[in-house]
Amino acid sequence: MAFDVVIRNGWVVDGTGRPGEMGDVAIRDGRIVEVGAVDGGGAQEIDAEGHAVTPGFIDGHTHMDAQVFWDALGTCSCWHGVTTVVMGNCGFSLAPAPVEQRALVVRNLERAEDISGDAMAAAIDWSWDDFPSYLDAIERLPKGINYVAQVGHSALRTYAMGERAFSDAATEDDIEAMRRALADGLRAGAGGFTTSRTANHATSDNRPVASRLAHWTEVEALVGVLGEQRQGVLEMAVEDDIYGRDPESRREARDRLRHLAVDSGVPVTFGLLPGRDELILREMIEMIERTKAEGGRMLGQTHSRGISIMIGFQTRLPFDRLPEWREMRALPLPQQREMLLDQVVRQRLVDAASSGQYARAVGAELRPPRFDRIEVLWDTVNPNPTIEELAAERRQNPVDVMIDIALDSNFETWFAQYSTPRVSDESWQAVLRHPNAVMTFSDSGAHVSQIMDASIQAHFLAYWVRERQVLSFEQAVHQLTGRAASWWQLQDRGVIRPGAVADVNVIDPATIAPLQPKVVNDLPTGARRLVQKSTGMKTTLVAGQPLFVEGEHTGALPGRLLRASPVPS
Ligand SMILES: [Zn+2]
């Protein structure tokens with residue numbers, strides 16, 4: 001056979017943003033070798049009639065650092081066409097960290113990213129101390145998709161400073177030690193440096209994660225290493241001042257970030273999430289554009305829905321911590337049903353939920369109920385009514401509305417609780433179509449008990465492309481592939497052309513969509529998480545090998561650790 005695989009008669013959308021064309025894609029030895037009308041046969045022929053053939057998607061914002069040790073496939077990202085994930089974001093990586101420091105490193109990400117400490121203890125064979133030996137450990141793991149690892153500031157700081165990382169400013173010696181360890185990580189192939197300066201990131205014992213203790217000069221010194229080695233991006237969970245009420249502090253924080261990008265020459269990337277105050281969103285877009293005008297590079301990471309947590313009777317509800325609810329919620333669901341059908345008990349629960357004292361949530365923790373921000377997930381693509389809207393319509397207490405919906409669906413209905421208000425169409429369009437933005441804020445691998453953002457790629461194509469036509473399919477695919485590849489400096493990926501690595505999706509643009517979330521108990525300790533698959537994804541290939549066919553894993557594990565190298569100047 002002339003080729004290993006030939007994908008026939010597809011609509012080839014090559015990832016550059018230019019219009020798709022009908023044709024075939026031939027693959028040999030893991031790379032694309034011909035695109036167009038292919039004469040020779042393939043050992044495997046894939047019929048793509050009626051489907052789009054695109055590069056595999058690249059997700060720049062994940063927290064797969066722990067999960068990669070127990071989940072060879074890379075769920076749930078792999079079910080939505082993602083073939084490469086960038087991990088180690090927001091300052092959280094598992095290296096550098098010698099074995100004896102691992103409790104401190106784990107302390108940084110356990111709460112902030114809601115990754116089970118027990119699962120990490122059970123499943124991670126801690127065989128590294130510095131970043132290079134960590135990369136070797138990742139390289140040895142079986143993998144379905146590709147991984148890019150970044151050096152997290154909180155780990156780096158803990159490595160250099162021990163317990164002091166959580167309380168002190170860094171000394172010159174500390175900064176030197178961090179710079180050396182970061183440089184070693186980059187030489188071994190780290191894809192970037194990441195940090196967090198937001199109060200959303202706290203440890204289990206209510207202290208700031210280590211990176212938040214850093215003065216700005218420390219951040220500058222570390223980003224300087226990326227600039228000197230001409231390698232890697234800076235990803236940052238930006239400081240709360242950027243979103244604050246005081247225009248002066250907002251301006252000051254934006255100026256610092258812009259100067260950092262321009263002076264260092266390092267690509268800087270952060271969340272650009274619709275749902276923020278419109279003025280602040282505009283300010284952030286202006287910062288990105290001004291940085292570009294001054295010769296720097298800045299990229300906003302967007303989201304297709306706004307960040308939400310998934311709540312429901314099968315997992316958790318905002319009311320669970322109230323004493324009146326706690327007892328019932330510890331019972332099996334059939335017994336909860338009986339209690340909810342008792343009018344006296346039900347009234348007591350509704351009263352408690354309506355007047356209860358709720359603890360403040362940090363980051364993505366379970367928030368107090370705000371019924372104007374809780375939607376019923378009847379439709380996984382289009383917006384749904386809020387509980388407040390339904391309560392008004394039905395002249396009912398909002399808690400009663402949730403209980404009725406739950407009882408009527410045998411507790412299977414999910415509710416999406418958004419952390420921000422509904423977004424105006426103007427804000428959505430400003431972000432979704434911005435040339436310096438990509439759809440990538442999935443947080444995949446984090447918050448697995450409640451957040452289902454790993455489906456944003458499928459949602460993006462279903463809602464913003466098919467339903468709303470705010471972007472063309474080609475423009476959307478460009479964000480998920482070619483544009484992402486160039487920002488994260490991935491050579492030969494994110495594009496369908498001869499010579500490129502054959503990470504490829506075959507997608508039905510008419511049906512691609514996320515499916516309803518499901519509860520599974522498959523964490524290493526048997527703990528539960530939510531998973532969400534998609535429909536309309538016919539085949540995903542990684543390095544020329546089919547990984548999924550019609551949603552089923554083929555058994556292949558062709559994924560690799562992708563080591564970054566300096567970008568030629
Ligand atoms: Zn993150």
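The values are calculated or read from the model by the stated rules, or taken from the named source; none is laboratory data. The shown structure was predicted, so the numbers you read here are calculated from the model rather than taken from an experiment. For neighbour counting, all protein chains shown are included, and Cβ atoms are generated from backbone atoms with ideal geometry for every residue, glycine included. SASA here: full protein model, heavy atoms, side chains in, ligands and nucleic acids out. Shrake-Rupley method; radii C 1.70, N 1.55, O 1.52, S 1.80 Å.
Before moving on, here are some points about what is shown:
- Criterion applied to Ala502, Ala446 was being surrounded by 23 or more Cβ atoms within 10 Å (Cβ to Cβ), over 14 Å from Gln301 (Cα atoms) and in contact with a helix residue (DSSP H, G or I) (Cβ under 9 Å, 6 or more places away or on another chain), and the one residue passing it is Ala446.
- Wholly within the range 287-402, strands (runs of 3 or more DSSP E) carrying at least 1 residues that are more than 23 Å from Ile115 (Cα to Cα) and β-branched (Val, Ile, Thr): 374-376
- Residue match in the range 483-493 (condition: surrounded by fewer than 24 Cβ atoms within 10 Å (Cβ to Cβ), among the acidic types (Asp, Glu), away from the ligand (no atom under 16 Å from the Cβ) and in a helix (DSSP H, G or I)): no
- Unique residue being part of a helix (DSSP H, G or I) and farther than 25 Å from Ile32 by Cα when the list is Ala103, Ala97: Ala103
So that you can scan it fast, the table gives a plain yes or no per residue for (1) closer than 14 Å to Arg157 by Cα; (2) touching a Cys at 6+ places or on another chain (Cβ under 9 Å):
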| position | (1), (2) |
| --- | --- |
| Ser211 | yes, yes |
| Ala214 | yes, no |
| Leu222 | yes, no |
| Arg230 | no, no |
| Val233 | no, no |
| Ile242 | no, no |
| Arg251 | no, no |
| Arg254 | no, no |
| His259 | no, no |
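- The range 65-76, subset more than 14 Å from the ligand (Cβ to nearest atom) and in a helix (DSSP H, G or I), residue surrounded by the fewest Cβ atoms within 10 Å (Cβ to Cβ): Phe69
- Verdict on Arg102 being within 18 Å of Ala500 (Cβ to Cβ), open to solvent by 20 Å² or more (accessible area, probe 1.4 Å) and of a type in the set (D, E, K, R): no
- Check on Phe415, in contact with a helix residue (DSSP H, G or I) (Cβ under 6 Å, 6 or more places away or on another chain) and away from the ligand (no atom under 16 Å from the Cβ): no
- Residue-level analysis places Gly40 among those that are free of Cβ contacts under 8 Å to residues at least 40 places away in the same chain and more than 16 Å from the ligand (Cβ to nearest atom).
- Of the residues making up the range 204-237, those that are within 16 Å of the ligand (Cβ to nearest atom) and crowded, with 21+ Cβ neighbours inside 10 Å are Val209, Ala210, Ser211, Arg212, Val233, Leu234, Glu235, Met236, Ala237.
- Per-region count, the range 220-235, residues touching a residue at least 60 places away in the same chain (Cβ under 8 Å) and under 19 Å from Thr198 (Cβ atoms): 3
- Contact annotation: residue pairs with Cβ atoms under 9 Å, 6 or more positions apart or on different chains, pairing a residue in the range 445-460 that is among the hydroxyl-bearing types (Ser, Thr, Tyr) with a partner that is open to solvent by 10 Å² or more (accessible area, probe 1.4 Å) and in a helix (DSSP H, G or I), are Ser455/Trp79.
- Qualifying residue in the range 414-428 (condition: open to solvent by 10 Å² or more (accessible area, probe 1.4 Å), under 26 Å from Met287 (Cβ atoms) and modelled with pLDDT of 95 or more): no
- Filtered residues of the range 505-531 (kept if in contact with a helix residue (DSSP H, G or I) (Cβ under 6 Å, 6 or more places away or on another chain) and at pLDDT 95 or above): Pro509, Ile512, Ala513, Pro514
- Residues that are over 27 Å from Ser449 (Cα atoms), small (Gly, Ala, Ser) and open to solvent by less than 40 Å² (accessible area, probe 1.4 Å) within the range 520-569 comprise Ala543, Gly544, Ala556, Ala564, listed in sequence order.
- Of all residues making up the range 329-384, the number that are of a type in the set (Asp, Glu), without any contact (Cβ under 8 Å) to a residue 40 or more places away in the chain and open to solvent by less than 70 Å² (accessible area, probe 1.4 Å): 2
- Of everything listed in (1) open to solvent by 50 Å² or more (accessible area, probe 1.4 Å); (2) at negative phi, the single unmet condition for Gly50 is (2).
- Scanning the range 424-448 for residues that are within 16 Å of the ligand (Cβ to nearest atom), part of a loop (DSSP other than H, G, I, E, B) and among the hydroxyl-bearing types (Ser, Thr, Tyr) yields Thr440, Ser442.
- Scanning the range 184-198 for residues that are at pLDDT 95 or above and either open to solvent by 10 Å² or more (accessible area, probe 1.4 Å) or within 16 Å of the ligand (Cβ to nearest atom) (or both) returns Asp184, Arg187, Ala188, Gly191, Gly192, Phe193, Thr194, Thr195.
- Subset of the range 78-116 (residues that are at pLDDT 85 or above and within 14 Å of the ligand (Cβ to nearest atom)): Val85, Val86, Met87, Gly88, Asn89, Cys90, Gly91, Phe92, Ser93
- Flag for Gly152 being within 16 Å of the ligand (Cβ to nearest atom), closer than 24 Å to Ser133 by Cα and open to solvent by less than 20 Å² (accessible area, probe 1.4 Å): yes
- The range 449-482, subset in a helix (DSSP H, G or I) and of a type in the set (Ser, Thr, Tyr), residue modelled with the lowest pLDDT: Ser455
- In the range 271-312, of all residues being of a type in the set (A, V, I, L, M, F, W, C), surrounded by fewer than 23 Cβ atoms within 10 Å (Cβ to Cβ) and within 16 Å of the ligand (Cβ to nearest atom), the one that is nearest to the chain's Cα centre (by Cα) corresponds to Ile307.
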